[in-house]
Amino acid sequence: MERGNERENTVSGSGLEQAFSLIDEADAVAFLQQLIAINSVNPPGNETAVAEAIRRRLTAAGIQAELDEVEPQRANLLAVLNKADASLSKKVLVLSGHLDTVPTGSIEWEHEPFGGVRVGNRLYGRGSTDMKGGVAAMVLAMEYLHRAGIRLGGTLRFAGTVGEEVDCLGAKAVASRGQIDDATAMVISEPSNNQPFIAHKGALWLEVATYGKTAHGSMPDQGVNAIMAMARFIHKLNSYRFSYQPHPLLGGPTMNIGVIQGGVKTNVVPDQCTMMLDIRTVPGQSHPEIIDGLNLLLEQVCEPAGARFAIRAVNDLPAVTTAAEDAFIKLSLDTAKQYLGRESTVRGVNYYTDASVYGPRLDIPILVYGPGEPTMAHQPDEWIEVDKYMEAIRFYMGLAVAYLGISKDQ
């Protein structure tokens, strides 16, 4: 009990309240509107413009920030407060979010997708929820801590990445270049409605192809119909059962057929058919074993008919989970209670994040916590609640101080 009080006194006497007083809603909303106005729809991405806007904001505040090109017009943004040195603890907290968005879709929006229009407590625009709102909150949290003169006892990093909406391209570059290998804990600001997510499913996207032989449509017996072979495979999938152990937060895996393409003309026996499968996995499942199982099914339906087949993984990301008992997760719940007055329960979510790339490499606790509304991700007239956005700024600031502490040289 005494130890807990001691920590709370240290935090409250650290100048954090002064840092909170610097939070300016009008300025915070304007910054998010600026990011929403930059079209970073992926494909093609063009996230460099978003990264540059963030870099200008942070460097103007005196924070070290730099762009790191992954592909032309696609740059990650890396920023750091208190770059690790001998006077600091070895704790390194990484705040992370992606800079790209999904397309706006073909349905007409009521509000301009890149307008950042505010109506009451909602701010509309593509990326407002997923996830420029979370990114902006993390950036501003770093800025306000720095402007308040708080010298953290460890290192606080921000990694803004490209390409998460397709293949986690930016996170893979950060990992392969060892740019956050010193991390000891991470928060990813994907939309969670400011609720703590500690687990998410993996993604295995498979391109399945069947190959046959063309023939005249009036003589199908002279050809091998690739579409019929695929149809038999789909029928097999209806009774396919994964091997897995149910996860307490994620349940079991799912599978969705997203795309089917095949044939060249009505009167030609099709010699090729392709299908895209979206499989969401839970911790403990082996993606190679899943592919082996599907290969066996394809063999059973294709070979008797003289058809061939192939499977190619186009996205292969593992499921991620952190123990609810982990000290960092418990500290996160304490932080939400102390600074937001909110009791929270850990949860899991079906979507994937850049944690699928970072988790296996870093083996650190990872929390998904962001102000966006999960159900609005990828939706027309996407919005974020302004009060949740402002809450997230406070949470990230409080967590950084609670986890990293304050430097003795403060």
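The values are calculated or read from the model by the stated rules, or taken from the named source; none is laboratory data. What you are looking at is a predicted structure, and each value in this text was computed from that prediction instead of being measured. Here the Cβ is made from the backbone with ideal geometry for all residues, glycine too, and neighbour counts use every protein chain on show. Side chains are part of the model used for accessible areas, which takes the heavy atoms of the whole protein and leaves out ligands, DNA and RNA. Shrake-Rupley method; radii C 1.70, N 1.55, O 1.52, S 1.80 Å.
What is the distance in Å between the Cα centroid of region 386-400 and that of region 182-236?
Taking the Cα centre of region 182-236 as reference, the centre of region 386-400 is 37 Å away.
Averaged over every viewing direction, what's the projected area of the C-alpha convex hull for the chain? Give it in nm², one decimal, please. It would help to have the intermediate numbers written out before the result.
On the way: hull surface 88.8 nm².
Orientation-averaged projected area of the Cα hull: 22.2 nm².
Looking at region 172-245, which trypsin sites (Lys or Arg not before Pro) are in a loop (DSSP not H, G, I, E or B) and have at most 15 other Cβ atoms within 10 Å?
Filter output for region 172-245: 177, 241.
A 25 angstrom limit on the alpha carbon distance is what I want to check against. Which of 172/201; 90/330; 91/201; 132/408 exceed it?
Check vs 25 Å cut-off fails for 91/201; 132/408.
Grab the beta carbon distance between residue 24 and residue 407, set R0 = 30 Å, and tell me the FRET efficiency rounded to 0.05.
Here the calculated transfer efficiency is 0.70.
Counting other C-beta atoms within 10 Å, and keeping those with at most 13, which DSSP coil trypsin sites (Lys or Arg not before Pro) do you find in region 265-320?
Hits after loop and neighbour filter: 265.
Helix-only mean residue ellipticity at 222 nm, the chain, DSSP H runs n ≥ 4 weighted -39,500 (n - 2.57), per residue, nearest 500. What is it?
-10000 deg cm²/dmol
Per the 1.4 Å probe, what fraction of the accessible area of the chain, in percent, lies on carbon and sulfur atoms?
49
Across 5 Å bins from the origin, how do the percents of Cα pairs in region 257-409 run, short distances first?
1, 6, 11, 14, 14, 12, 10, 8, 7, 5, 4, 3, 2, 1, 0, 0, 0
Give me the aspartates and glutamates in straight-line cross-link reach of residue 388: C-alpha distance below 12 Å, same-chain residues under 8 apart excluded.
Hits, sequence-local ones excluded: 25, 373.
Check the straight Cα-Cα distances from residue 236 and name the aspartates and glutamates below 19 Å, setting aside those fewer than 8 residues away within the same chain.
Once the sequence-local aspartates and glutamates are set aside, what remains near residue 236 is 207, 278, 289, 292, 299, 303.
If you split all Cα-Cα distances of region 229-308 into 5 Å bins from zero, what percentages do you get per bin, shortest first?
Calculated over all Cα pairs of region 229-308, the distribution is 3, 13, 21, 22, 17, 11, 7, 4, 2, 1, 0 percent.
Can you tell me the convex hull volume per residue for region 43-122, based on C-alpha atoms, in Å³ to the nearest whole number? Write down the numbers at each step before the final one.
Working: hull volume 12.3 nm³, N = 80.
Normalising the Cα hull of region 43-122 by residue number yields 154 Å³.
Quick one: dipole size for region 253-410, taken about the Cα centre, charges +1 on Lys/Arg Cβ and -1 on Asp/Glu Cβ, in debye to the nearest 20.
Its charge dipole is roughly 100 debye.
Counting DSSP beta bridges with both partners in the chain, what percentage is antiparallel, nearest 5?
On the way: 51 of 69 bridges.
Given both bridge residues lie in the chain, the antiparallel proportion sits at roughly 75 percent.
Placing +1 on the Cβ of each Lys and Arg and -1 on the Cβ of each Asp and Glu in region 38-191, which of 48, 145, 111 has its Cα farthest towards the positive end of the resulting dipole?
Value: 145.
Once amide H atoms are placed 1.01 Å from N in the peptide plane, what residues at a sequence separation of 5 or more from residue 268, or on another chain, have their amide H within under 5 Å of its amide H?
When sequence neighbours closer than 5 places are left aside, the close amide H contacts are 217.
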